[in-house]
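The values are calculated or read from the model by the stated rules, or taken from the named source; none is laboratory data. No experiment lies behind these values; they were computed from the predicted model shown. Quick reminder, even Gly has a Cβ in these numbers, built from the backbone with ideal geometry, and neighbours come from all protein chains shown.
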Amino acid sequence: AFDVLMIGGGPAGAAAAIYAARKGIRTGVAAERFGGQVLDTMAIENFISVKETEGPQLARQLEEHVRQYDVDIMNMQRASALIPAVEPGGLHEVQFASGASLKARTVIISTGARWRELNVPGENTYRNKGVAYCPHCDGPLFKGKRVAVVGGGNSGVEAAIDLAGLVAHVTVLEFADTLKADEVLQRKLRSLPNVDVICSAQTTEVLGDGQKVNGLQYKDRRTDEMHTVELEGVFVQIGLLPNSEWVKGTVKTTQFGEIEIDNKGQTNIPGVFAAGDVTNIPYKQIVIAMGEGSRSALSAFDYLIRQ
Ligand code: FAD
């Protein structure tokens, strides 16, 4: 059995693995896709101390760093269930879709999250070529350009306010007939001169010239009329879905499915920790996931020495 078993091999899981292995305890990482969301990222300019890097390169470096230590990496393993220890200090079991199962004294859930997608033509074609999901990450790439934010909930309106300070113009498109964001955010949004809000707008296509985005098409749901907005960027802000389905009903989550953790990264189950985008920690970023992963490994070690 492992002393510490990470489920998920993104920045959070990789950081947790390194911190755990450095304690000389038996450490394993099982991941569906080692590297996580970083693999889908192009330019990364906010990984502190590295001015610029690319996702696949950072993912490679994460794996190299983990492999410096005595860590069992089990890639392409999708966890399907967690069976918590019967008594405190006992062994937890993780079952995998492959039929395999692993046992560990502590488990760190670091299965990350995924952005909800529009599922319209052009979205995939122009991903990272104008279609973006993270304003903190990609906002500065659109300096002085025109963008749309799809989604008028809190994250969409926050993104629009943030982007309005960087880009030339922001169009917010909301599917429903009113914005869903908190009133205070809506008031702030309405005070900005370079923002337009369009409600009852169903985004139907991301348009481009073959290389990059040059427009967005939407349907006015009240009249069924089609419209086109000329722009250079589309930020999709219709939700971030935590990959916590496999522990649903076992580990306590928020109404959004984010795993609830305390300030040591512990879940409601003793010996089961969680870190990174899958948790209810605000702001989903690489450096934050790494910090959270490191903390959860130190907490797991602390738990183990007290057993
Ligand atoms: P993830 O990176 O999501 O990793 C989750 C891991 O768990 C993966 O290995 C996955 O395969 C695995 N997994 C999931 N489900 C299971 C399961 N059931 N069983 C086993 N394994 C499972 N952040 C920045 O700081 N700067 C940026 O520039 C930036 N740009 C981004 C661009 C894009 C396009 C995207 C999508 C994200 C970007 N982010 C950026 C956000 C950043 O990538 C995430 O905050 C970070 O990767 C979260 O790390 P994590 O380890 O918590 O989760």
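Per-structure values
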quantity	calculated
Hits in segment 239-262 - residues which are in a loop (DSSP other than H, G, I, E, B) and of a type in the set (D, E, K, R)	248, 252, 258, 260, 262
Condition check for residue 80: within 9 Å of the ligand (Cβ to nearest atom), under 29 Å from residue 274 (Cα atoms) and in contact with a strand residue (DSSP E or B) (Cβ under 6 Å, 6 or more places away or on another chain)	yes
All positions within segment 39-68 that are over 10 Å from residue 286 (Cβ atoms) and within 6 Å of the ligand (Cβ to nearest atom)	40
Qualifying residues in segment 285-303 (those that are charged (D, E, K, R) and surrounded by fewer than 22 Cβ atoms within 10 Å (Cβ to Cβ)) - the one nearest to the ligand (Cβ to nearest atom)	295
Per-region count, segment 263-277, residues of a type outside the set (D, E, K, R), part of a loop (DSSP other than H, G, I, E, B), away from the ligand (no atom under 16 Å from the Cβ) and touching a residue at least 12 places away in the same chain (Cβ under 8 Å)	4
Qualifying residue in segment 136-143 (condition: touching a helix residue (DSSP H, G or I) at 6+ places or on another chain (Cβ under 8 Å) and at pLDDT below 95)	yes
So residue 298, is it out of contact with any Gly (no Cβ under 8 Å at 6 or more places or on another chain) and either of a type in the set (Lys, Arg) or not in a loop (DSSP other than H, G, I, E, B) (or both)	yes
Selection status of residue 64, farther than 20 Å from residue 296 by Cβ and modelled with pLDDT under 95	no
In segment 278-291, the residues that are in contact with a strand residue (DSSP E or B) (Cβ under 7 Å, 6 or more places away or on another chain) and outside any loop (DSSP other than H, G, I, E, B)	278, 279, 286, 287
Unique match (being touching a strand residue (DSSP E or B) at 6+ places or on another chain (Cβ under 9 Å), within 6 Å of the ligand (Cβ to nearest atom) and not acidic (Asp, Glu)) among 36, 9, 28	9
